[in-house]
1. Accessible surface of VAL74 in the full protein assembly, 1.4 angstrom probe, to the nearest 10 Å²?
2. Please work out the average accessible area per residue across the chain, using the 1.4 Å probe convention, and give it in Å².
3. In whole Å, what is the distance between the alpha-carbon centres of the range 8-26 and the range 52-91?
4. When the accessible area of the range 1-62 is computed with all protein chains present and a 1.4 Å probe, what percentage of it is carbon and sulfur?
5. Given a 1.4 Å probe and the protein chains all in place, what does the accessible area of PHE22 round to, in Å² to the nearest 10?
6. Using a Gaussian network model on the chain with a 10 Å cutoff between Cα atoms, which of GLN18, GLN35, GLN44 fluctuates the most?
7. To the nearest 20 Debye, how big is the dipole of the range 26-91 about its Cα centre, given +1 on the beta carbon of each Lys and Arg and -1 on that of each Asp and Glu?
8. Can you give the FRET efficiency for LEU7 and PHE38, using 1/(1 + (r/R0)^6), R0 = 25 Å, r = Cβ-Cβ distance, to the nearest 0.05?
Amino acid sequence: MVLIDHLLEKESDASVRQTLLFRQVDDAYTTVMRQAQFALFERQAHHLVQQGATVDELSNTYLENLRNQFGDAVEVGDEFRWEWVSIPIFT
């Protein structure tokens, strides 16, 4: 935020200022949505583990959540099923 504030203070071009603001809002929204999806998966994962789920079942659930999150806007490849294992809170 300090950097964005500084750049906005120095920039006089309205188009550049608009781009800076758009990117800042987009980054904030993306961060919030991603964290919300992680929280939902974490809840699901705890439930699934209590039911005896395998790593493959957890990975399939994670991938399904990603695909639901992005819908038709982004093609989420199968390799993303393993993304959750790189996030410390899940391992």
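The values are calculated or read from the model by the stated rules, or taken from the named source; none is laboratory data. The structure presented is a predicted model; accordingly, all values stated were derived computationally and were not measured. Glycine gets a Cβ as well: all are built from the backbone with ideal geometry, and neighbour counts include every protein chain shown. Protein only, heavy atoms only, side chains kept; ligands, DNA and RNA dropped before computing areas. Shrake-Rupley method; radii C 1.70, N 1.55, O 1.52, S 1.80 Å.
1. Answer for VAL74: close to 70 Å² accessible.
2. Working: 6970 Å² over 91 residues.
Averaged over the residues of the chain, the accessible area is 77 Å².
3. Measuring centre to centre over Cα atoms gives 34 Å.
4. The C+S portion of the solvent-accessible surface of the range 1-62 is 57 percent.
5. 140 Å²
6. GLN18
7. So the dipole magnitude of the range 26-91 works out to roughly 280 debye.
8. So, using R0 = 25 Å, E works out to roughly 0.25.
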